[in-house]
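I have placed the structure first, in the form of structure tokens, so that the comments after it can refer back to it.
The values are calculated or read from the model by the stated rules, or taken from the named source; none is laboratory data. On a predicted model such as this, the values are computed, not experimentally measured, just so you know. So basically every Cβ, Gly included, is an ideal-geometry build from the backbone, and we count neighbours across all protein chains shown.
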Amino acid sequence: MRKSIYTLLAVAASTVIMVGCSAGGDNPGIEYAPNMYVSFAYEPMSQLAAEEGSSNGNNTINPYGMNMRLPVKGTIARGQLDYATYNLPKSNESYEAASAWKNPLQSSEYNLAEGKRLYNINCTPCHGEDGLGKGTIVADGKYPQVPAYSDRLPTINPGKAFYSITHGKNLMGAYGSVLTPKQRWQVIHYIYNLSGVTAN
Amino acid sequence: MRFLRITTLFALLASSASFVKADVAEGEKLFNANCTSCHALNEKVVGPALKGINEKYDEAWLIKWIKNSQALVKSGDEKAVKVYNENNQSVMTSFENLSDAQIKSILEYIKTPPVAQASVAPTNSADVASTEAITPTKDSFYNNTTFIALSIMALILFLIVFVLYRIKKTVQGIYDAKFPEQAALELEPVVDVRTTWKYKLFTKHPVVGTILVILGFTVALGIYGFNYGQTEVGVQQGYAPAQPINYSHELHAGKYKINCLYCHTGADKSKQATIPSASTCMNCHMHVTASAKYDGQVSPEIAKIYDAVGWDAEKKAYDPTKQQKPIKWVRIHNLPDLAYFNHAQHVKAGKVECQSCHGAIETMKVVYQQSSLQMGWCINCHREAKVDVKNNDYYEKLHEDLKAQGKSYATVSNIGGLECGKCHY
């Protein structure tokens, strides 16, 4: 009887020890030789450091120890030279000036398909899959009614739509950092196609 | 005659009443289609709250303003310039497509909104209350009540076992005292100690015994240690750190069905899936403050976003005097530097669902690492998962080759997915 109690206790204790070392909650678990795990080069989004104060993984150069930086002002990303003209700062004048822009892309099958894919990722929560402004957030009453494309698009033009996607307009946020200029033009093709409005 | 007069009066009254009603309904429709992206009746959104606007400005001026506010501002109209400057100089959209009658009906709606409209806030908070009432039951299995109930049951079971053990002992005692001969017979016969294996091993050959015991322990600990090293060291499966903001994927990805790529924009075009910048949060939280839950105050969790980006919730504008700072999210999935992994390769070319590695994120209130991210786990999928080559331009040539070979599918291992250099270089 006594012996079996000891055995039980031993098993219980070893289970506790085993479980105690597993990852869970705030505990990432045991790590052996973290030097093999942590990158010496500054990896984007990485915040691991091999040990406190070591240069391995600790970014001591950038503010807040961030590895990501904003692009240098005035630089143009690869492949976006053709779209550099559509880059106006955020202002009321830029919005008016943008109305001179025409969509540089053809309304091809590929551009529409890509526009649809991007639209369904970035726009549907508010504008809805049908473009009537009844996305999941609006339908739940958490967000005010968004205008339907068929109502609003006839009163503006693709250039203004491009500006609005880039910098945001009214309650809409800015998507310039999310979508490349080419992708923005693809989405514009798609929303005109979706709502059956001819671009003016 | 008199009767006729009264009836016509009533008829007139009724028709005018229904006229006003139709006006308001029409106005509500127009208001929702055109105005709500900037205005609400009782709170400032982008533009000012509209309640009481009918008393503040005369109708003719309002119609002019709504049709083309910029023309009014440029003409130097004092009131117009004042409103323009009060609202961060954001230009109100011109509504030249609306007729005077339509604008009048909108103004009528603003003046006398139907009762249902006025009670939007209470129903909202009731909504919130009811969802709050539901959530505890949807909580994890081991919520407090279950845990306490199970503990009490376990305690009772232990008590029963203890009592039964005592009863058995007492009965045995009584039995032994009453029938000593019987009890003596039932005892095990005495054995010669020298024939037992314990005596042979530990007393006769103590060295062999000791070595055997040590060997046994070494093997047992070795197996345990090997297993531990393999499944525990450097494996963060189950890691669920507390994040600086109590963000729920269950709410955003589950209830509101916001696409994973909406926030994790890098997943289909770069090595990193990326943590969204706080400006992505602001796309919605510029307006959504969850204040119905917090007595009109901004939710403390959302206030952390405002603090990070320097947003003034009162003025509804960014405050240039405030220092912007990053939110220190805690990274959960940490692949060691010795292994290369590329999100775009899997999401864009391989068309792998996010959930197949990260688990059902859309049901997680607190995200945890579901997969072990060990090499065996990677390789297993590379061996078994069938690549969707059919509807994928990326694999067009591969698909042709496969068809020529008479195969209908390919796994990653067929296209070099088991080569060491694929991930380790």
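Key figures for this structure:
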read-out: Condition check for B:Ser408: under 22 Å from B:Cys420 (Cβ atoms), of a type in the set (Ser, Thr, Tyr) and touching a helix residue (DSSP H, G or I) at 6+ places or on another chain (Cβ under 9 Å); value: no
read-out: Any hit, segment B:236-249, residues being away from every other protein chain (no Cβ under 11 Å), at pLDDT 90 or above and part of a helix (DSSP H, G or I); value: yes
read-out: Qualifying residues in segment B:385-414 (those that are of a type in the set (S, T, N, Q) and over 33 Å from the mean Cα position of the chain (by Cα)) - the one farthest from B:Ala349 (Cα to Cα); value: B:Gln405
read-out: Residue that is modelled with the highest pLDDT [pool: residues in segment B:316-368 that are more than 30 Å from B:Cys423 (Cα to Cα) and among the polar types (S, T, N, Q)]; value: B:Thr363
read-out: Of all residues in segment A:155-178 being more than 9 Å from chain B (Cβ to nearest Cβ) and assigned to a loop (DSSP other than H, G, I, E, B), the one that is nearest to A:Ala84 (Cα to Cα); value: A:Gly176
read-out: Residue that is farthest from the other protein chains (Cβ to nearest Cβ) [pool: residues in segment B:79-108 that are free of Cβ contacts under 8 Å to residues at least 40 places away in the same chain and within 12 Å of B:Leu62 (Cβ to Cβ)]; value: B:Lys79
read-out: All positions within segment A:95-116 that are under 19 Å from A:Gly173 (Cα atoms) and surrounded by 15 or more Cβ atoms within 10 Å (Cβ to Cβ); value: A:Tyr95, A:Ala98, A:Gly115
read-out: Answer from B:Ala385, B:Ala344 - the residue that is farther than 30 Å from B:Asn87 by Cβ, surrounded by 15 or more Cβ atoms within 10 Å (Cβ to Cβ) and touching a Lys or Arg at 6+ places or on another chain (Cβ under 8 Å); value: B:Ala344
read-out: Some residue of segment B:397-404 being free of Cβ contacts under 8 Å to residues at least 40 places away in the same chain and either of a type in the set (Ser, Thr, Tyr) or in a loop (DSSP other than H, G, I, E, B) (or both); value: no
read-out: Flag if B:Cys357 is away from chain A (no Cβ under 14 Å) and either in contact with a His (Cβ under 9 Å, 6 or more places away or on another chain) or buried (at least 18 other Cβ atoms within 10 Å of the Cβ) (or both); value: yes
read-out: Flag if B:Ala308 is in contact with a Lys or Arg (Cβ under 7 Å, 6 or more places away or on another chain) and outside any loop (DSSP other than H, G, I, E, B); value: yes
read-out: Given (1) within 14 Å of B:Asn283 (Cα to Cα); (2) within 12 Å of chain B (Cβ to nearest Cβ), number of the condition A:Arg152 does not satisfy; value: (1)
read-out: From B:Ala317, B:Ala349, B:Ala404, residue being small (Gly, Ala, Ser), within 14 Å of chain A (Cβ to nearest Cβ) and over 26 Å from A:Gly29 (Cβ atoms); value: B:Ala317
read-out: Residue match in segment B:33-52 (condition: in a helix (DSSP H, G or I), within 14 Å of chain A (Cβ to nearest Cβ) and at pLDDT below 80); value: yes
read-out: Test result for B:Leu338, within 12 Å of chain A (Cβ to nearest Cβ), exposed (fewer than 15 other Cβ atoms within 10 Å of the Cβ) and either without any contact (Cβ under 8 Å) to a residue 40 or more places away in the chain or among the hydrophobic types (A, V, I, L, M, F, W, C) (or both); value: yes
read-out: Given (1) within 11 Å of another protein chain (Cβ to nearest Cβ); (2) crowded, with 18+ Cβ neighbours inside 10 Å; (3) within 28 Å of A:Gln183 (Cα to Cα), number of the condition B:Val309 does not satisfy; value: (1)
read-out: Residue within segment B:265-283 that is surrounded by 18 or more Cβ atoms within 10 Å (Cβ to Cβ), under 29 Å from B:Asn391 (Cβ atoms), among the hydrophobic types (A, V, I, L, M, F, W, C) and over 20 Å from the mean Cα position of the chain (by Cα) present; value: no
read-out: Residue in segment A:117-134 that is facing chain B (nearest Cβ under 9 Å), surrounded by fewer than 17 Cβ atoms within 10 Å (Cβ to Cβ) and at negative phi present; value: yes
read-out: Boolean, A:His189 is of a type outside the set (Ser, Thr, Tyr) and away from every other protein chain (no Cβ under 12 Å); value: yes
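Residues are listed down the side, and each one gets a yes or a no for (1) in contact with an Asp or Glu (Cβ under 7 Å, 6 or more places away or on another chain); (2) of a type in the set (Val, Ile, Thr); (3) touching a residue at least 24 places away in the same chain (Cβ under 8 Å):
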{"residue": "B:Val352", "(1), (2), (3)": "no, yes, yes"}
{"residue": "B:Gln355", "(1), (2), (3)": "no, no, no"}
{"residue": "B:Thr363", "(1), (2), (3)": "yes, yes, yes"}
{"residue": "B:Val367", "(1), (2), (3)": "no, yes, yes"}
{"residue": "B:Ser372", "(1), (2), (3)": "no, no, yes"}
{"residue": "B:Cys381", "(1), (2), (3)": "no, no, yes"}
{"residue": "B:Val387", "(1), (2), (3)": "no, yes, yes"}
{"residue": "B:Lys407", "(1), (2), (3)": "no, no, no"}
